[in-house]
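These notes are about the structure you will find just below.
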Amino acid sequence: MPFPTLLTVVSLSLLAAVIVMHLFKGKNEPQERLFILSALVLAGTQITLLLMFLAHDPQAVLTQFRLLVALLVFFPALAAPFFAAFVRREDRKLFSGPLRGIVALAVVFAVAMLVIPARLVVGKIHFYGTGSLWGMEFSVLGHVAAAYFLLVNVLFLYLFENTYRAATVAGKVTLKYPFLGILVASAINFTVMSRLLAISVLDRNFLLAQPCAIIVLCASFLYASIRYPLFDVRVYIRPRQSPSIVAIVVAGLYLLSLGLITLIARLLGFPYERFAAMVIGIFAVFLLSAVLISGKAKKRLRTFLSENFYLAQYNYRKEWRRYAEIMTSGATVDEFLSNVISSLCDTMLVRHGAIWTDIGPGKAGYFGFDEEKLDAELIRDIQKLTAREPVVVFKKPLVVLAREDGKWICAIARISQGEENRGFILLGEKDLGRAYTEEDEDFLATIAFQAKLALDNFLMEERIIEARQMDSFNRFASFVIHDLKNTVGMLSLVAENARDNIGNADFQKDAIETIRRSVEKMQSLIRSLNVHKTPTSLAKTDVDISGLVERATEGLKQVAANGGVALEFTGGVRTRSRVDAAAINRIIENLVLNAVEAAGPGGTVRVYVETIDDQWAKITVKDSGPGFDPDYLEDHLFHPFYSTKKNGLGVGLVMCKYLIEAHGGRISIARARGQGAAVSVTLPAAPPARSE
């Protein structure tokens with residue numbers, strides 16, 4: 001079989017393998033369907049190319065070539081949405097925005113290539129003396145098609161570059177082989193199209209570059225699909241994340257250099273290939289000289305060769321910084337575990353692995369297979385195996401019942417520090433039949449130790465969040481209890497006095513009124529629990545402040561009298577203000593009840609309202625009690641959960657301050673001790689009504 005035919009058959013076979021694998025093992029997702037359709041289009045190009053190599057008639061070659069170009073022109077209609085699908089949150093948006101225009105353009109160009117005569121694209125066709133195809137010369141439309149393929153290739157590189165750049169560590173591990181395959185295939189495509197643009201001729205060897213690119217592309221995607229869940233990767237690009245344009249810049253520089261090489265070759269009368277080879281050779285010599293002279297460049301070259309070609313001598317020191325980033329990259333424990341195990345398996349060339357922790361149900365990460373179930377019996381066996389050593393390596397895979405073949409664990413690392421154990425890292429066989437080295441064991445032990453510290457940080461953050469949530473709940477509950485305490489206090493006084501005064505008509509009237517007001521307060525409290533009221537949601541109305549305070553005080557006189565306290569109200573000038581009447585009533589009730597309790601039996605409480613400069617309404621509650629402690633006023637005033645009362649919650653004044661400030665007012669307290677306490681509330685007065 002001739003070499004061109006063999007190479008084309010190989011590429012076609014790899015495409016068939018990719019299609020069959022994803023048809024029977026795929027999840028039938030939109031992105032995977034696009035991938036299969038794209039592979040089918042490429043398979044069509046390989047069939048037409050094969051027929052071109054087998055043809056001996058120029059007209060047959062033209063017919064097959066026209067179909068080949070039409071398929072290649074149509075290819076972006078499926079490939080562009082496939083590349084963009086990695087960064088789409090919803091599959092139904094795959095054909096939205098600029099992609100819709102790209103798809104439409106590709107379809108129009110494909111139809112045009114099928115309609116226009118092939119002779120407008122290909123000027124001449126050359127054959128060997130044996131009758132087989134040698135090459136083709138292209139016209140202006142051929143140059144346009146070549147430019148189109150270059151632009152499409154740059155678009156693919158741009159999309160995939162930004163996908164890879166924004167991916168998580170696990171996503172980069174999964175996408176790196178397809179990315180390398182696309183880069184190599186793009187380099188081949190650029191070389192072929194550049195020659196077409198420069199000298200308008202493609203011979204048999206350059207036509208064979210297309211199946212070579214397909215072979216590289218298929219091999220990279222096959223390997224990635226077998227080893228990783230390729231189509232589970234979803235990259236979320238943040239709105240403010242600027243896209244990278246490295247692919248566009250490199251492509252632009254390449255095309256600029258191509259134009260310069262072509263121009264200089266024509267001016268000097270050199271053949272294009274000879275001059276291009278000379279330029280590339282000079283550049284290679286310059287690069288080699290720079291490497292030999294620069295110690296830093298030589299060091300980088302040695303590191304590259306050691307890491308990529310001498311795996312047994314692999315130096316893990318390069319990985320420390322990357323793993324430090326991995327340890328802080330996960331937003332959740334599950335994401336952290338997934339990043340660690342996938343990156344660890346990729347670094348150590350391990351086929352599959354698992355990381356299990358005992359910090360909570362379901363906290364485990366898996367790599368290379370679908371959620372391996374580690375049962376309690378297996379965990380106990382692993383604990384026994386790692387009881388003495390933090391890392392245990394087996395010469396042969398450990399026989400377990402967790403997999404169908406019964407074998408896969410070759411190395412175990414305990415995620416621990418001292419006696420405290422957080423879990424285990426389980427690794428399977430290494431690629432290429434390699435054995436675990438002492439360097440592997442040291443690296444695994446270090447990663448396990450770092451993972452333990454990172455897990456401790458996660459747990460600490462979760463506990464801090466839980467503590468904050470509990471603290472917020474306790475504070476909220478204290479406000480509720482405070483309101484209930486005042487209401488229950490009034491009801492308990494009614495209940496105690498009912499034994500002796502139940503037959504008294506005045507008492508019955510006061511008792512009914514107290515019960516009614518208590519029920520209203522509790523209903524109001526229930527409503528506030530259902531809908532949290534913010535300062536901006538206060539139901540403000542135009543209210544007579546003096547009348548509002550007088551009514552609130554009258555309602556508390558019986559409570560004060562039951563405690564042996566005289567409650568007096570003195571009204572001032574009628575002042576109106578835009579306030580939430582229920583909130584102000586709540587404030588007055590809290591201040592008066594506090595004052596009654598502070599005054600004690602035989603004491604007095606005075607409530608009065610005055611106007612300041614016709615702009616403020618000032619409400620003062622003054623009692624004859626011992627007054628506030630200066631230390632309390634200095635250090636704990638308006639701090640929740642600090643109270644001078646034996647059973648106080650320390651939230652009453654805090655609640656009053658919150659509601660007063662929500663009205664644009666302020667609260668102040670007299671600092672005298674032994675002369676009673678005076679609490680003043682100042683609220684903005686409503687502007688006077690205009691007289692007509």
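Brief remarks on what is shown
- Meets criteria (part of a helix (DSSP H, G or I), at pLDDT below 90 and either buried (at least 21 other Cβ atoms within 10 Å of the Cβ) or among the aliphatic types (A, V, I, L, M) (or both)) for residue 21: yes
- Only one of the numbered conditions (1) charged (D, E, K, R); (2) more than 30 Å from residue 378 (Cβ to Cβ); (3) modelled with pLDDT under 75; (4) open to solvent by less than 80 Å² (accessible area, probe 1.4 Å) is violated by residue 510, and that is (3).
- Candidate set from the range 174-186 (those that are farther than 22 Å from residue 198 by Cβ and among the hydroxyl-bearing types (Ser, Thr, Tyr)); member that is least open to solvent (accessible area, probe 1.4 Å): 174
Residue-wise test of (1) surrounded by 14 or more Cβ atoms within 10 Å (Cβ to Cβ); (2) in contact with a Ser or Thr (Cβ under 7 Å, 6 or more places away or on another chain); (3) modelled with pLDDT of 75 or more; (4) not in a strand (DSSP E or B).
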| site | (1), (2), (3), (4) |
| --- | --- |
| 441 | yes, no, yes, yes |
| 457 | no, no, yes, yes |
| 460 | no, no, yes, yes |
| 464 | no, no, no, yes |
| 487 | yes, yes, no, yes |
| 490 | yes, yes, no, yes |
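- Number of positions in the range 1-18 that are surrounded by fewer than 20 Cβ atoms within 10 Å (Cβ to Cβ) and either of a type outside the set (S, T, N, Q) or in contact with a Lys or Arg (Cβ under 7 Å, 6 or more places away or on another chain) (or both): 8
- Any pair with Cβ under 8 angstrom, 6 or more apart, that starts in the range 610-631 at a residue that is touching a residue at least 24 places away in the same chain (Cβ under 8 Å) and over 12 Å from residue 574 (Cα atoms) and ends at one that is open to solvent by 70 Å² or more (accessible area, probe 1.4 Å) and hydroxyl-bearing (Ser, Thr, Tyr): 628/644; 629/644
- Criterion violated by residue 199 - all others in (1) more than 20 Å from residue 127 (Cβ to Cβ); (2) surrounded by fewer than 21 Cβ atoms within 10 Å (Cβ to Cβ) satisfied: (1)
- Residue count, the range 78-98 (criterion: surrounded by fewer than 20 Cβ atoms within 10 Å (Cβ to Cβ) and either in a helix (DSSP H, G or I) or modelled with pLDDT of 85 or more (or both)): 5
- Scanning the range 24-38 for residues that are free of Cβ contacts under 8 Å to residues at least 40 places away in the same chain and outside any loop (DSSP other than H, G, I, E, B) yields 24, 25, 33, 36.
- Matching residues in the range 389-427 - criterion: being open to solvent by 20 Å² or more (accessible area, probe 1.4 Å), assigned to a loop (DSSP other than H, G, I, E, B) and modelled with pLDDT under 75: 401, 402, 403, 404, 405, 418, 419
- Boolean, residue 220 is small (Gly, Ala, Ser) and at pLDDT below 85: no
- Tally, over the range 55-71, of residues that are assigned to a helix (DSSP H, G or I) and either in contact with a strand residue (DSSP E or B) (Cβ under 9 Å, 6 or more places away or on another chain) or β-branched (Val, Ile, Thr) (or both): 7
- Criterion: at pLDDT 80 or above and either surrounded by fewer than 18 Cβ atoms within 10 Å (Cβ to Cβ) or within 23 Å of residue 604 (Cα to Cα) (or both) - qualifying residue of 668, 643: 668
- Flag for residue 133 being hydrophobic (A, V, I, L, M, F, W, C) and more than 48 Å from the chain's Cα centre (by Cα): yes
- Flag if residue 520 is open to solvent by 40 Å² or more (accessible area, probe 1.4 Å), assigned to a helix (DSSP H, G or I) and either among the aliphatic types (A, V, I, L, M) or modelled with pLDDT under 70 (or both): yes
- Test for residue 614: is it among the charged types (D, E, K, R), at pLDDT 75 or above and crowded, with 19+ Cβ neighbours inside 10 Å: no
- Residue within the range 257-276 that is surrounded by 11 or more Cβ atoms within 10 Å (Cβ to Cβ), under 41 Å from the mean Cα position of the chain (by Cα) and at pLDDT 80 or above present: yes
- The range 622-638, subset open to solvent by less than 40 Å² (accessible area, probe 1.4 Å) and more than 22 Å from residue 658 (Cα to Cα), residue modelled with the highest pLDDT: 623
For (1) more than 19 Å from residue 78 (Cα to Cα); (2) free of Cβ contacts under 8 Å to residues at least 12 places away in the same chain; (3) surrounded by fewer than 19 Cβ atoms within 10 Å (Cβ to Cβ); (4) touching a Pro at 6+ places or on another chain (Cβ under 7 Å), each residue gets a yes or a no:
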site	(1), (2), (3), (4)
156	no, no, no, no
211	yes, no, no, no
217	no, no, no, no
221	no, no, no, yes
231	no, no, no, no
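- From the list 609, 592, 565, the one residue that fits, being more than 60 Å from the chain's Cα centre (by Cα) and β-branched (Val, Ile, Thr), is 565.
Per-residue answers, yes or no, for (1) free of Cβ contacts under 8 Å to residues at least 60 places away in the same chain; (2) under 51 Å from the mean Cα position of the chain (by Cα); (3) under 18 Å from residue 194 (Cβ atoms):
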| site | (1), (2), (3) |
| --- | --- |
| 124 | yes, no, no |
| 137 | no, no, yes |
| 148 | no, yes, yes |
| 152 | no, yes, yes |
| 159 | no, yes, no |
| 163 | no, yes, no |
| 166 | no, yes, no |
| 172 | yes, yes, no |
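The values are calculated or read from the model by the stated rules, or taken from the named source; none is laboratory data. Just so it is clear, the structure is predicted and the values come from calculations on it, not from any experiment. Every residue, glycine among them, receives a Cβ derived from its backbone with ideal geometry; neighbour counts consider all protein chains shown. In case anyone asks, the SASA skips ligands and DNA or RNA and just uses the protein heavy atoms, side chains included. Shrake-Rupley method; radii C 1.70, N 1.55, O 1.52, S 1.80 Å.
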